[in-house]
Amino acid sequence: MDTRALGSVHFETDVLVIGGGMAAAWAAISAARAGATVVIVDKGYVGTSGVTAVAGPGHWFVPPDPERRAAAISQREAIAFGLADTRWMARVLDETYRQLPTLEGHYEFGINDAGIKMYGAVRGPEYMRALRQLAESLGVRILDQSPAIELLLHADGSVAGARRPPAKGRGMDRARGRRHPGHRRLRFRLEAARKPDQYR
Ligand SMILES: Cc1cc2nc3c(=O)[nH]c(=O)nc-3n(C[C@H](O)[C@H](O)[C@H](O)COP(=O)(O)OP(=O)(O)OC[C@H]3O[C@@H](n4cnc5c(N)ncnc54)[C@H](O)[C@@H]3O)c2cc1C
């Protein structure tokens, strides 16, 4: 394929999520639910690359009973060598309890012998496929095979976006990549071998 004919591809978005594992997928889903336009870029394929897709992640899924939540937090705090932030832990518990069941319809949660749905432990491969589906259903744009190799910066040094490698045979404009004129939105600049509509 003659990549010169296709040139570079440039996306602008409210939120750019780099990496497409479970952390990234949930971040993208939350941002999309808050009304932001979102792009996820992954160096592999969102749904199969990364650790989540080959693991069996266990979620910290504790019902909003103050005593159980407090016990869960102090149990972890006791083994955190003083590094834990209990307010952050409480927020994680709250977010996980609210967000995880919203995957229903895309992922089939297990049911234990007592007939109780088990949200905590998930099957990595199916879970990541479900997260991809949920993200896409919320309008998140997913760019696979798109490693972010360089961050683009605003003039004040804050991160404005990222760049993927240039297509083979094309030079990289480093000066343009390092300094980016001030812009409200994040941008992901692609020196890509494909047109935007070929990414989905
Ligand atoms: C064998 C095994 C068993 C496990 N068992 C458990 C368990 O029982 N319970 C538990 O809670 N946890 C378990 N874990 C840990 C848990 O699975 C991981 O902590 C979690 O999946 C990590 O999720 P993540 O989203 O942070 O990262 P990942 O799922 O690894 O996602 C990172 C993504 O970022 C992409 N990426 C990286 N760099 C770039 C770049 N420059 N540009 C674009 N994309 C990029 C990668 O391609 C990847 O898709 C286990 C892990 C393993 C390996």
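Read-outs: derived from the displayed coordinates by stated rules, not from any lab. This structure is a prediction, so every number in the text was calculated from the model and none was measured. Don't worry about glycine lacking a Cβ; one is built from the backbone with ideal geometry, like all the others, and counts go over all protein chains shown.
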Inset, instruction - Filter the trypsin sites (Lys or Arg not before Pro) in the stretch 138-168 down to the DSSP loop ones having no more than 14 other Cβ atoms within 10 Å, then list what survives. - result: K168
Legend entry - Highest to lowest packing among 126-136, 151-161, scored as the average C-beta count within 10 Å: 126-136, 151-161
Inset, instruction - Using packing as a proxy for protection, rank 55-63, 25-33 so that the peptide with the highest average count of other Cβ atoms within 10 Å comes first. - result: 25-33, 55-63
Legend entry - Rough spin-label spacing in nm, given labels placed 7 Å along Cα→Cβ, for S158 and V51: 3.1
Legend entry - For A162, distant residues with modelled amide H under 5 Å away: L152, R187, F188, R189
Inset, instruction - Along Cα→Cβ, 7 Å out, is where each label goes; now give me the distance between the ones at K117 and R76 in nm to one decimal. - result: 2.2
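Determine the dipole magnitude for the stretch 58-121: charges of +1 sit on the beta-carbon of Lys and Arg, -1 on that of Asp and Glu, nothing else is charged, the reference point is the Cα centre, and the result goes in debye to the nearest 20.
Working: 7 positive and 9 negative charges, 32 e Å.
Taking the Cα centre of the stretch 58-121 as origin, the dipole is about 160 debye.
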Legend entry - Point-to-point label distance, W88-E108, nm (Cα→Cβ direction, 7 Å offset): 3.7
Inset, instruction - Could you work out how far the C-alpha centroid of the stretch 132-168 sits from that of the stretch 10-74, in angstrom? - result: 16
Legend entry - Relative contact order of the stretch 58-121, defined on C-alpha pairs under 8 angstrom at six or more residues apart (%): 40
